[in-house]
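Written out below as structure tokens is the structure these notes cover.
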Amino acid sequence: MLKDRKITISSYVKIVLAIFWIFAIILPLFKMLSNMADVDVAKIVTSERFATALKQSLTVSTVATLVSVGIAGLLSWCVARTGIRFKGIFSVLFSIPMLIPSISHGMGLIILLGSNGILNKTFGWNINIYGFSGILLGSVMYSLPVAYLMLLDILKFEDSTPYEAAEVLGLSKIDKFFTITLPYLRKPLISVFFATFTMIITDYGVPLMIGGKYNTLPVMMYQDVIGMLDFGKGSVIGMVLLVPALIACLLDIMNRDKGNSAFVTKAFKVKKNIFRDVFAYIVCGLVAFLLILPIATFTRVAFVEKYPINMSFTFKNIEKAINMNLTDYLSNSVIIALVVSIVGVVLAILTAYYTARMKSKFSRVLHMLSITSLAIPGLVLGLSYVMFFKKSFIYGTFAMLILVNTMHFFSSPYLMMYNTFGKLNANLEYVGKTLGIRRLFILKDVLLPMSKETIIEMFSYFFVNSMMTISAVSFLATMDTKPVALMITQFEGQMQLECAALVSVIILMVNLVVKGIVFFTKRRMAR
Amino acid sequence: MSDKLVVKNLKKTFGKREVLKDINFTVKEGEFLSILGPSGCGKTTILRILMGLETQTAGEIHKDGEEISKLVPAARKMGFVFQNYALFENMTVLGNVEYALKKRKELKKDAREIAEKMLDIVGLSEHKNRKPHKLSGGQQQRVAIARTLALNPDIILFDEPMSALDVDTRMTLRAELKELQKKFGTTMIYITHDQEEAFAMSDRIMVMNEGIIHQIDTPKNIIDNPADEYVERFVIKNIKMKIDSLIQFVDTDKE
């Protein structure tokens, strides 16, 4: 009796999950693919506009990736391998750019270095930020926190024993770097490069704001779809943007499976070295300053009369934005972010439970599907949703935006949950069986309480990203469901830079509050 | 002593691989039976089939004269102690022992009392409000044993419960386990790959290799009359070597 009932519940859930995945990912992507059948792909791909955009996308993304990973490497080395103080504060400062939309970075740079830019005016410079250099700077700022966190994680878990052995053998610093550091870092470093590259090349916020005439693929896709309603061309560009993301995803899967070894590693002991520490202070201080400067600048501009003519302090932009329905859009965003967090967390727990705690053929397929959403850029997912759901009842509702955000941000939190569940003792469910405790109770009373921290982390990830995303939602939002982040593009289009800045500040504030709550909740739990 | 457990023609295949080839044995009421064999010989599979965590390909299991192999694990009135403890890390020691009791209607009322009594028996009363990860490996395994004993099973199955413990702890726990068995009269089936352990604890030993039982007998009979070359070569030789080296050691010590 007991056994039969349990099996049916579990198989119902499986069927529901399978149907959900088919409708939420597989069918929309197929729809987008099939859309390309009516399009003259060759004509689009060989057109000069496309070729230029592709070339420019590749160029600026490659350079930005190298700079971003380079600086991130230096920062993570400073935090992991030197004796500087305030490491926690530096880490927070380096991560703040993660909490605002990419488009806000572009805006901050324009205010500083645009044609009327504050720095240009103050110092009498004549820097032209629009185009390649602007996209480069903005992309570096936007991707740096993610690259930094990934690299810090890698350095933290590097084993120090080979270095000690090298010391005993009397190897030089250069030898150590080439024989130990590089081989250890090679694989994870490739992952970091591709993940950063994917993030940059699929982003349209920075180039849209600051790209000027330097056209890139995501901007071209955005303009073709939003401006000219050319879905066919959008699909072709979307497929091209899928390529680097797919490579990044594959590399990640390959590296992850091998990297899961449970070796006992010895942490690094930082030796005393004042010169090195002074250098690290300078690097960290300088980068933190440069990252925060544009954010501080647009925060300031959010409260001026009229940039750049009248820089006197005022609150009137708040009033202006409220007249433009700011509060409605903000509540839209908070509602969407909250529901996405709840739905996303439940879905991630459910999926990870099947993939990590009930191994079967089904769970392997489910696992693959769950990670593939990592490889689908927001713009591509958004476009495929427009095509697939256009005629359905869900189109134009909050549910549409909630669904697209849940799927867009699903992979990372899912992997957190998968790893947490995977680390818990594999026999717990069997213990339950021998003691006569149902699986559901083991999940509720043992597995979930032991995963509390991960659940909170997942919640915060879904929330923060849903608050600031402008990619997938830009194709799907209506006047009634529009999230607040999209007001930035709207205000910017209306030349209301102060209000656009204000919206960025509000998003940053909401996300900071959420991150703060998460931080204190976790600290209380640890006690 | 009457037959507590009768296993008849037990077979298990995983895909094409035959893990258990026609296993037959009997366990008597209150007996301590060890299953001794190298890793991969099928001993854990037998235990998991007895408990109902795995289904046999063919064969029957009778407990107190009743066929039980169609029953769900919890209905078999057996307990299972896992190699890696598998405690509920988020609960206290007391919570671990109490949890299953609270989930049963008939035991719910006395859950706290039973759990405290069990912890007293395994000597962990003073640690009852601590979390498992604050305890030593031996103490954690005692919690797991108390958790199993609390439901008062007819038979307790042990899956290499001491393989992760150091020698000292193992020696003490061995003695304690024998004490418990005397006290409760529970039938115990104990898996190990350690000859010393098997010979020190068991009423009878079942020597296994590659899915076949080579011999089931008392430790003394196995040493005196090994059933075949395998038992001779891999069990007895080993035990004798250990004894010899101990004697040598004692001798050199005297000189």
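The values are calculated or read from the model by the stated rules, or taken from the named source; none is laboratory data. Because the structure is a prediction, the values reported are computed rather than measured. Glycine also receives a Cβ, built like all others from the backbone with ideal geometry; neighbour counts cover every protein chain displayed.
State yes or no: is A:Lys391 among the charged types (D, E, K, R), closer than 30 Å to B:Ala146 by Cα and at pLDDT below 95?
Details: among the charged types (D, E, K, R): yes; closer than 30 Å to B:Ala146 by Cα: no; at pLDDT below 95: yes.
Answer is no for this residue.
Please list, ordered by residue number, the helices (runs of 4 or more DSSP H) wholly in region A:425-527 having 2 or more residues that are within 14 Å of chain B (Cβ to nearest Cβ).
A:428-435, A:439-442, A:452-468, A:497-526
Determine which member of the set B:Gly79, B:Gly37 is in contact (Cβ under 8 Å) with a residue 24 or more places away in the chain and away from chain A (no Cβ under 14 Å).
Residue meeting the stated conditions: B:Gly37.
Looking at B:Thr192, is it surrounded by 22 or more Cβ atoms within 10 Å (Cβ to Cβ), under 22 Å from B:Ser136 (Cα atoms) and either among the small types (Gly, Ala, Ser) or in contact (Cβ under 8 Å) with a residue 60 or more places away in the chain (or both)?
Values: surrounded by 22 or more Cβ atoms within 10 Å (Cβ to Cβ): yes; under 22 Å from B:Ser136 (Cα atoms): yes; either among the small types (Gly, Ala, Ser) or in contact (Cβ under 8 Å) with a residue 60 or more places away in the chain (or both): yes.
In short, yes.
Do you know which of the residues in region A:491-520 that are among the polar types (S, T, N, Q) and in contact with a helix residue (DSSP H, G or I) (Cβ under 8 Å, 6 or more places away or on another chain) is surrounded by the most Cβ atoms within 10 Å (Cβ to Cβ)? Outline the logic, then answer.
Narrowing region A:491-520 to residues among the polar types (S, T, N, Q): A:494, A:496, A:504, A:511.
Next, from what is left, pick out any that are in contact with a helix residue (DSSP H, G or I) (Cβ under 8 Å, 6 or more places away or on another chain): A:496, A:504, A:511.
Working: A:Gln496: 20, A:Ser504: 28, A:Asn511: 21.
Looking at the filtered set, the residue picked out is A:Ser504.
Given the conditions (1) more than 14 Å from chain A (Cβ to nearest Cβ); (2) over 22 Å from A:Asp445 (Cα atoms), which single one is not true for B:Ser69?
(1)
Among the residues of region B:82-114, how many are more than 9 Å from every other protein chain (Cβ to nearest Cβ), assigned to a helix (DSSP H, G or I) and of a type in the set (Ser, Thr, Tyr)?
0
For region B:53-66, state whether one or more residues are within 10 Å of chain A (Cβ to nearest Cβ), of a type in the set (Val, Ile, Thr) and part of a strand (DSSP E or B).
no
Return yes or no: is B:Val143 out of contact with any Gly (no Cβ under 7 Å at 6 or more places or on another chain), modelled with pLDDT under 95 and of a type in the set (Val, Ile, Thr)?
no
Just to be sure before I move on: is B:Thr45 within 14 Å of chain A (Cβ to nearest Cβ), assigned to a loop (DSSP other than H, G, I, E, B) and among the polar types (S, T, N, Q) in the structure I sent?
Numbers: within 14 Å of chain A (Cβ to nearest Cβ): yes; assigned to a loop (DSSP other than H, G, I, E, B): no; among the polar types (S, T, N, Q): yes.
Considered against the rule, which asks whether it is within 14 Å of chain A (Cβ to nearest Cβ), assigned to a loop (DSSP other than H, G, I, E, B) and among the polar types (S, T, N, Q), B:Thr45 comes out as no.
I'd like the full set of residues that are surrounded by 11 or more Cβ atoms within 10 Å (Cβ to Cβ), basic (Lys, Arg) and either in contact with a Gly (Cβ under 7 Å, 6 or more places away or on another chain) or closer than 22 Å to A:Ile349 by Cβ (or both), limited to region A:4-61.
Result: A:Lys6, A:Lys14.
Residues to consider are A:Tyr418, A:Tyr395; find the one that is more than 12 Å from chain B (Cβ to nearest Cβ), at negative phi and part of a loop (DSSP other than H, G, I, E, B).
Among A:Tyr418, A:Tyr395, only A:Tyr395 is more than 12 Å from chain B (Cβ to nearest Cβ), at negative phi and part of a loop (DSSP other than H, G, I, E, B).
Among the residues of region A:238-269, write down those that are at pLDDT 60 or above and either outside the structural domain of A:Lys156 (by TED's automatic domain parsing) or among the β-branched types (Val, Ile, Thr) (or both). Step through it out loud before you land on a result.
Residues of region A:238-269 that are at pLDDT 60 or above, as a first pass: A:238-256, A:265-269.
The answer is A:Val240, A:Val243, A:Ile247, A:Ile253, A:Thr265.
Helices (runs of 4 or more DSSP H) wholly in region B:182-255 with at least 1 residues that are among the acidic types (Asp, Glu) and farther than 19 Å from B:Asp159 by Cβ - which ones?
B:219-224, B:237-254
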